[in-house]
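The values are calculated or read from the model by the stated rules, or taken from the named source; none is laboratory data. Note that the coordinates shown come from a computational prediction; the quantities given were computed from them, not determined experimentally. Cβ atoms come from the backbone with ideal geometry, glycine included; neighbour counts cover every protein chain shown.
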Amino acid sequence: MAFTEEQKLTDHLQHFIACQTISNEDLDKVDWREFTKLHALLEAYYPVIYKLFEVIPVGRAGLLFHYDSGHPEKTPLVLSAHQDVVEPGALELWKKEPFSGAYEDGIIWGRGTTDCKHLFLAEMEAVEAAFSDGFRPSYDLYIALGYSEEIYTISGEDGGRLLKEALAARGVHQIVLFDEGGSVTTDDKGHRIAHVGLGDKSQIVYELYKDGTGGHSSVPGLHTDMGALARCIVALEDHPRPYKLTDLSRGQLKGMAKLETGDKQRIFSDPDRYWDEVCELARQDARLDALLHTTICVTMAQGAQQPNVIPAHVSATISARVLPGETGDEILAYIQQYLTGGIQVRRVSGIDPVNEDTPDSEEFRLVEQTIHDVYGDDVIVMPELMLFATDSRYYKDIAKHIFLFSGYEQDDTWGPMHGVNERIPAAALPGSRNFFRRLMENYNA
């Protein structure tokens with residue numbers, strides 16, 4: 001019995017989820033056999049791509065697919081995604097085994113269903129279907145699949161960076177890139193909104209630390225290094241980076257005003273004029289807060305390994321999400337001014353954010369048209385600043401435009417990415433596949 005399109009997409013995604021492609025900062029701790037299993041599935045499911053595209057291995061597990069149109073003068077289109085996933089976390093909290101790809105009541109469960117095996121599923125399925133039907137674009141087409149997006153590798157061998165270098169080595173110096181990002185959602189007023197990222201905040205990791213002599217907890221003295229570390233953490237939380245508007249966040253607020261009523265509509269419609277009120281709203285709304293400044297968040301701390309030991313080394317890890325227009329060195333200097341008691345800071349990993357793109361371009365209008373073609377003219381297309389980082393940051397030197405949009409329509413049946421019980425409704429899968437197919441056709445016009 002032949003599968004329906006939804007059944008075929010479901011089957012493919014279930015098998016992708018069963019590949020435990022967990023990334024790790026230490027590449028020697030990655031089970032690369034799981035990536036090999038995934039690659040075998042890709043070759044089996046997408047024979048037309050493997051026949052008509054050059055398949056270029058990149059790094060430990062990256063794949064770069066290239067269709068040569070014979071028209072190098074046209075700007076290539078690059079569809080990007082990553083194969084790696086984060087650890088499943090507390091297994092006992094999962095309702096379904098996280099790498100089972102379990103299907104029940106129309107829902108597919110498992111790590112990677114929403115971040116982001118669903119994305120390269122849609123991209124690969126769209127290309128396979130289009131080329132099977134005889135589509136041949138008049139521009140070069142690439143599919144770039146990274147393998148270390150979820151982490152910063154200790155060695156610096158980041159899959160996204162290597163893929164970008166592989167493109168540059170082939171003489172590709174300008175691209176239009178699509179990567180993971182926003183989706184189509186429906187708000188509580190019934191508005192359907194396509195959230196298209198035109199920039200993202202870069203994650204830069206810092207470590208606060210101090211080395212001392214340690215000792216026994218029975219004679220701590222008046223102050224300890226752990227106490228000094230705690231006071232610095234509190235000082236940073238008490239002195240957040242100031243709020244500011246970028247061109248993109250300003251436009252995003254004005255777009256949000258059209259969906260609001262009352263005071264919020266008035267405030268967001270002219271955020272410069274009502275700046276004090278914008279800031280007051282941000283202090284009460286974590287997402288608005290994150291949109292308006294670089295956030296500095298302590299996520300990890302380490303001291304002794306047992307309770308009766310005063311540690312000789314204390315440390316805390318900061319995940320800073322840096323606003324476009326600011327730099328990691330600028331944030332480092334900001335942190336330093338609040339350090340006391342001998343606490344020091346070092347920059348561990350991360351690169352500066354990419355400059356924001358603009359919605360005032362022919363390519364953005366093409367994206368807007370494609371969204372309307374697939375999801376209907378009632379969808380409001382909203383240019384946005386994404387609050388999380390993606391592999392797109394590595395392509396900034398060669399990207400004419402970067403669009404962070406998954407092509408999916410999302411509702412409350414989706415499970416949280418990176419959370420327990422990550423899941424996706426099977427009915428959502430054809431939408432993104434259809435988006436990327438229409439995108440390729442519209443880009444060809």
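Descriptive notes on the structure:
- Complete set of residues in segment 187-207 that are under 18 Å from LEU259 (Cα atoms), under 16 Å from the mean Cα position of the chain (by Cα) and surrounded by fewer than 23 Cβ atoms within 10 Å (Cβ to Cβ): HIS195
- If you go through segment 420-445 and keep only what is over 20 Å from GLN7 (Cβ atoms), touching a Gly at 6+ places or on another chain (Cβ under 8 Å) and among the small types (Gly, Ala, Ser), you end up with nothing.
- In segment 239-273, the residues that are touching a strand residue (DSSP E or B) at 6+ places or on another chain (Cβ under 9 Å) and among the small types (Gly, Ala, Ser): SER249, GLY251, GLY255
- One residue stands out among those in segment 60-86 that are among the acidic types (Asp, Glu) and surrounded by fewer than 20 Cβ atoms within 10 Å (Cβ to Cβ): the one that is farthest from LEU167 (Cα to Cα), which is GLU73.
- Qualifying residue in segment 344-353 (condition: in a loop (DSSP other than H, G, I, E, B), out of contact with any Lys or Arg (no Cβ under 7 Å at 6 or more places or on another chain) and at negative phi): yes
- With respect to (1) of a type outside the set (Val, Ile, Thr); (2) surrounded by 17 or more Cβ atoms within 10 Å (Cβ to Cβ); (3) in contact with a strand residue (DSSP E or B) (Cβ under 9 Å, 6 or more places away or on another chain), the lone exception for SER100 is condition (2).
- Residue satisfying all of: in segment 204-218; assigned to a loop (DSSP other than H, G, I, E, B) and at pLDDT 95 or above; nearest to ILE331 (Cα to Cα) among these: SER217
- Test: ARG231 is assigned by TED's automatic domain parsing to the domain that holds THR317, of a type outside the set (Phe, Trp, Tyr), at pLDDT 95 or above and not in a helix (DSSP H, G or I): no
- Among the residues of segment 1-35, those that are assigned to a helix (DSSP H, G or I), under 30 Å from VAL205 (Cβ atoms) and in contact (Cβ under 8 Å) with a residue 12 or more places away in the chain comprise PHE16, ILE17, LEU27, TRP32, GLU34, PHE35.
- Residue that is surrounded by the most Cβ atoms within 10 Å (Cβ to Cβ) [pool: residues in segment 398-445 that are charged (D, E, K, R) and more than 22 Å from TRP109 (Cα to Cα)]: ARG437
- Options LYS74, LYS95: the member that is touching a Ser or Thr at 6+ places or on another chain (Cβ under 9 Å), outside any helix (DSSP H, G or I) and either at pLDDT 95 or above or assigned by TED's automatic domain parsing to the domain that holds THR21 (or both): LYS74
- A Cβ distance below 6 Å, combined with a sequence gap of six or more or placement on separate chains, defines the contacts here; from segment 274-293, residues that are closer than 14 Å to ASP200 by Cα reach residues that are among the hydroxyl-bearing types (Ser, Thr, Tyr) and in a helix (DSSP H, G or I) in the pairs LEU291/SER249.
- Residue tally, condition in a loop (DSSP other than H, G, I, E, B) and either within 22 Å of the chain's Cα centre (by Cα) or among the hydrophobic types (A, V, I, L, M, F, W, C) (or both), over segment 376-391: 5
- Every residue from segment 129-160 that is surrounded by fewer than 20 Cβ atoms within 10 Å (Cβ to Cβ) and part of a helix (DSSP H, G or I): ALA129, SER132
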